[in-house]
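Novice: Dumping the structure here so I can ask a few things about it.
The values are calculated or read from the model by the stated rules, or taken from the named source; none is laboratory data. What you see is a predicted model; the values in this text were computed from it and never measured. FYI the Cβ positions are ideal-geometry reconstructions off the backbone, even for glycines, and counts take in every protein chain you see. Surface accessibility is based on the protein's heavy atoms, side chains included, excluding ligands, DNA and RNA. Shrake-Rupley method; radii C 1.70, N 1.55, O 1.52, S 1.80 Å.
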Amino acid sequence: MVTMLAAGAMIASAADPLDVTDGLGGMVDRYLTEAAREQWTARAAKIAAMRTPADVQTRQEYIREKVLNALGGFPKTKTPLNARITGTLEREGYRVDKLIYESLPGYFVTANLYVPASGSGPFPAVLGTAGHSTGGKAYDVYQRTFISLAKRGFIVLAYDPPGQGERLEYLNAPGKPVAGTGGHIMSGLQCLLTGGNMARYELWDGVRGVDYLLTRKDVDPKRLAVVGNSGGGTQSAYMAVVEPRLAAAVPSCYITSWEKLWSGPGPQDSEQDFAGFLKDGLDFSDFLIAFAPKPIEMLTAIKDFFPIDGARATYAEAQRVFGLMGKADHAGYFEYDDGHGWSKPRREATYAWLDKWLQGREKSEPEPAFQTEPEPALNATETGQVATSLKGRTIQLLNLEVAEGMYGSRRAASVKGTPQLRDMIRTRLDIASASGSPAVQAHGQLDRDGYRIEKITMESEAGITVPALVFVPQQHSDERLPAVIVVNEKGKAADAAPGGRLETLVRAGYLVIASDLRGLGETSNPKGKSGYNGQFQTDMRAVLVGKTMAGMQTYDLLRVFNYLASRKDVDSARISVIGQGNAGVVALYAASLEPRIHRTITEGAVLSYMDVVRSKLHQDIVDLVVPGVLRDFDLPDVAKTIGKGKLLIVSPRTPNGEPASLEDARRQYGSGAQVLERLSPSYSELSSGK
C-alpha cells in the first residue's frame, strides 16, 4: 500500500536540495549490527547449554567443519616439499638455517629455522607465525621471540606469510610493494568468489611447515606448538583448529569477541573475515574450544585495538568449556597494560607457557638482552623476493586455478530451465520475495522547467530506508508513462542537476526515479576505522552475517520496481532499468529476478566474476563480492535469464577500472545482449529490443 503524506505534513529535507532526509548515513551498518546481535546471542545460548565432555566434542567437530568450509577446504593431496637450506648463520647458543619449501607446487615459502646449539634433541618445536609486518619473519620483535625460544631448547620454524617478507605478491619494481599487506585484501576478495578465504593458503603453509618439522630427527613429534602475534595471533588461533598434531598454542593480540570488535575497530584483513562466520554461530572462543583440552594461552593488551573487554569475556567462556573436560588450567590468559604488539611481557609469557607444557619447567627465566639480525641477513632467496628469485606462484594464480577448475562444472552449466537458474541466483544472493509495494513517505518536491522532482523514501524492509528522486514530466493527459529506474554507484544525485542525463530522460517522455539503494548516496557508510575503507568493513560485516551488499541492493531495486509499478501514472509494462558502475551488476541481477522489467542497461560495469579472479589487480569491486558465487554461476549466466533483446551492455570496464573490450563482452554474453560503446543522447535504446 503506497502512503503519501500531505504537503502540510511533509518532513523537512536535508540541507542539500537533492537530499531527501537526514539520518540515513551508516544505516547499513546499523541493520547488519542487529543481524549480528541476533546471531551472537543465539550462539551464547548454545555455548551456555553445553554440560558434558561429549557436548564439547560435538562442538569441536562443528567448529572444524565450518572453519574448513569457510577456508574452501585444504588441498586433497600433499605434494613434495622440495625443502632446501640456502644458507646458515652461526650465533651464540643457536644457529639459523635459511630455508625454502613448497607448500604447493611452485608456491614457495621462505623461512628461518632456529636450532639450539647445545643438546642432542629431539627438541620441542614451534611454528613461529608472523604478524602484519612488512619484514615478515625477520621483524625485530619476532626475531627476539624466536631467538629466545631457541636459547631455551626449542627448534623454531619462522616463516613469511603471503604478501610479507620475501613473499610480496604485488611488485612494481624489484623488492618494492604495490599494496603491502593490502595485498591480503586484493587476493582475499578473489578467494571469496570461489568459496574460499585467503587464510587457506596461510594455514596450508603452516600445515606443511609441521610436515617439514616432522622430517627432522631432532624434532620431537609429540611436542609441537604454534605462536604468533597480531596477524600471527590470527594464524596461531586458526592453526589450533585445523592442525591436530599441535600440543600447545599461544596466540597473542588477536583474541577478543565479535560483539566488542564489531563496531570499533571493525572487521580487519580478508583472512580475518570468514563468510557466514557469525551466521554459523561461531566466535573467537571457538578457536580455543576447538583445541581443548590441550594447553592454549591467549595473550592480551589492555590498550589493544582488539578490545580487552571482548578478550576477557571470551576467556571466561572458554575456560568454562575447558572445565567441562576437567582441564580448566589448560586455558591460559595473560594481559598487560600496554598497546598492541608482542612486547617483552607478552614474549616472556609465551616462553613461560611453552616451558611449562613442553619442557616441564615450572619456572621460566626472563628474556636477556641480545642483538638481532638486519632483516636482509635472514633472506632465504638471492634477491630477497620469491617473485624475482624463483618466479613463484601467488595466491591470485592459485585461486584462479581453483576457479578454472570449478567453472566448467558450475551449477549453471547444467541447470535446466530459467526458473531453476533464477532460484539458484536468488538463493546465492539470499534474496527474499519482494512482492507488494513498499510504504512510501513524501519529503517535498522541487519544480523545474517542464517537470517536477518528488522527494520520497521507501521502506525496503525493516531497518532499511531507500531515498529517491522521482522526476515527473508535465502531462497533458491521463496516459500512463514509460518509466526508468536509474541506480548509480555514485548516488542518485550524480546526474540529477539541470541539463543532466536524468533531465534528458524526462524530456524524452519518461518518468524517472533515481534511488540510493542501501550503501549508496545518502545511505553511504561512514569512514572506516584502523586504516580500513568504510565500504570494505561494511561489506565484510555483511559477509560475516551471511549477507552480501549485491544481494541486499538487488532486493532494494526490486522494491523500487514494485513502487513504480504501483503508480497510476506509470505504464507497468514499460519500466526499464539503467545501472551505472557497480550498480550495473545490481541491475543485471534485478532484471534476472523480475521478468516484468522491460529493458536493462548496464553502463561501466564489470563483465564477469571470472574477469575479477583472472585480474592480478582490481579496484572498487568489494560491493559485488558474493562468496562462493562461481560454484553456481557467473554474470553471463545471469544474463541468460533476462530474455533476448532485453539487455544492453554499454562501456563495460575491466576489474582494474580500464575500458573492457567490446568484442570480449560479445563473446561472453553471446547474442542475448547488445553491446555498445556508448548510449545515444536520446536514450532511444530504452524503447528498442521488443
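Novice: Return the Rg/Rh value of the chain, two decimal places, where both radii are evaluated on C-alpha atoms and Rh is the Kirkwood radius.
Specialist: 1.04
Novice: Given a 1.4 angstrom probe, I'd like the percentage of the accessible area of the chain that is carbon and sulfur, rounded to a whole number.
Specialist: Carbon and sulfur: 51 percent of the exposed surface of the chain.
Novice: Enter the mean projected area of the convex hull around the alpha-carbon atoms of the range 394-532, in nm², rounded to one decimal.
Specialist: 14.0
Novice: Which whole-percent values make up P(r) of the range 12-84 when all C-alpha to C-alpha distances are grouped in 10 Å steps starting at zero?
Specialist: Bins of 10 Å from zero give 13, 21, 22, 16, 16, 8, 3, 0 percent of pairs.
Novice: Taking Cα atoms, how many degrees apart are the long axis of helix 140-151 and the longest axis of the chain, rounded to 10 and kept between 0 and 90?
Specialist: For 140-151 against the chain, the angle is about 30 degrees.
Novice: So which lysines pass the test for Lys66, namely a Cα distance under 19 Å, with those fewer than 8 places away in the same chain ruled out?
Specialist: Lys46, Lys76, Lys279, Lys547
Novice: Sticking with this one: Ignoring ligands, DNA and RNA, what accessible area per residue does the range 157-285 give at 1.4 Å, in Å²?
Specialist: Per residue, the range 157-285 has an accessible area of 22 Å².
Novice: Pairs of Cα atoms under 8 Å, at least six residues apart: use those to get the relative contact order of the chain, whole percent.
Specialist: The value is 15 percent.
Novice: Among Ala605, Val321, Gly417, which residue has its Cα furthest toward the positive end of the charge dipole of the chain, with +1 on Lys/Arg Cβ and -1 on Asp/Glu Cβ?
Specialist: Of the candidates, Gly417 comes out farthest on the positive side.
Novice: Sticking with this structure for a sec: If the reach is capped at under 24 angstrom between alpha carbons, list the lysines near Lys151, excluding any in the same chain fewer than eight residues apart.
Specialist: In chain and number order, the partners are Lys98, Lys137, Lys217, Lys222, Lys344, Lys356, Lys363.
Novice: Something else: Which residues does a label at Ala369 reach in the range 109-151, if reach means a backbone N under 18 Å from a point 7 Å past the Cα toward the Cβ?
Specialist: Residues 141, 144-145, 148 qualify, since their backbone N sits under 18 Å from the label point.
Novice: If eta is 1.002 mPa s and T is 20 °C, what Stokes-Einstein diffusion coefficient results for the range 505-590, Kirkwood Rh from Cα pairs, in µm²/s?
Specialist: Diffusion coefficient, whole number: 147 µm²/s.
Novice: Which value, in Å², gives the accessible area per residue of the range 457-576 when a 1.4 Å probe is used on the protein heavy atoms?
Specialist: 33
Novice: Let me ask another. What number comes out for the charge environment of Tyr101, summing +1 per Lys or Arg and -1 per Asp or Glu over other residues with Cβ under 15 Å away?
Specialist: Charge balance near Tyr101 sits at +1.
Novice: Below 8 Å between Cα atoms, with a sequence gap of 6+, how large is the relative contact order for the range 312-471 in percent?
Specialist: 7
Novice: Hey, another quick one. Put +1 on the Cβ of every Lys and Arg and -1 on every Asp and Glu Cβ in the chain; which of Tyr407, Ile453, Ala542 then has its Cα farthest towards the positive end of the dipole?
Specialist: Most positive-ward Cα: Tyr407.
Novice: Relative to the longest principal axis of the C-alpha atoms of the chain, give the angle of the C-alpha long axis of helix 53-71, reported between 0 and 90° and rounded to the nearest 10°.
Specialist: That works out to roughly 60 degrees.
Novice: Using alpha carbons only, how many degrees (0 to 90, rounded to 10) separate the axis of helix 583-593 from the longest principal axis of the chain?
Specialist: Value to nearest ten degrees: 70.
Novice: Please work out the average accessible area per residue across the range 604-679, using the 1.4 Å probe convention, and give it in Å².
Specialist: 38
Novice: Over the range 108-255, what is the relative contact order in whole percent, taking alpha-carbon pairs under 8 Å and six or more residues apart?
Specialist: Normalised by residue count, the contact order of the range 108-255 is 28 percent.
Novice: Next question. Would you mind calculating the gained length between Glu34 and Ser687 on full extension (0.36 nm times residue separation, minus the Cα-Cα distance), in nm to one decimal?
Specialist: 230.8 nm
Novice: Highest mean first, how do 574-585, 671-682, 156-167 rank when packing is the count of other Cβ atoms within 10 Å averaged over residues?
Specialist: Answer by packing, highest mean first, reads 156-167, 574-585, 671-682.
Novice: Counting only Cα, what are the radius of gyration and maximum Cα-Cα distance Dmax of the range 576-690, in Å?
Specialist: 13.1, 40
Novice: Let me make sure I get this right: for the range 304-373, a, b and c are the square roots of the gyration tensor eigenvalues over alpha carbons, sorted descending. Under 1.5 in a/c it's rounded, otherwise prolate if a/b > b/c, else oblate. Which is it?
Specialist: Verdict is oblate for the range 304-373.
Novice: Treating the beta-carbon of each Lys and Arg as +1 and of each Asp and Glu as -1, no other charges, what is the dipole magnitude of the chain about its Cα centre, to the nearest 20 debye?
Specialist: In debye, rounded to 20, the chain gives about 1500.
Novice: Now, a different point. Taking only the alpha carbons of the range 265-314, what extent do you get along each of the three principal axes, in Å, biggest first?
Specialist: Principal extents (largest minus smallest coordinate, Cα): 29, 28, 18 Å.
Novice: Now for a different question. Can you tell me which of 254-261, 294-301 comes out highest on packing, and rank the rest after it, using the mean Cβ neighbours within 10 Å?
Specialist: Put in order of decreasing packing, that is 294-301, 254-261.
Novice: With n ≥ 4 as the cut-off for DSSP H runs, can you work out [θ] at 222 nm for the chain, using -39500 (n - 2.57) per run divided by the number of residues, rounded to the nearest 500?
Specialist: Computed ellipticity for the chain at 222 nm equals -10000 deg cm²/dmol.
Novice: How many percent of the alpha carbon pairs in the range 246-390 exceed a separation of 17 Å?
Specialist: The proportion of pairs with Cα distances above 17 Å equals 68 percent.
Novice: Using the C-alpha atoms of the range 393-442, what convex hull volume per residue, in cubic angstrom, is computed?
Specialist: Taking only Cα atoms, the range 393-442 has a hull volume of 128 Å³ per residue.
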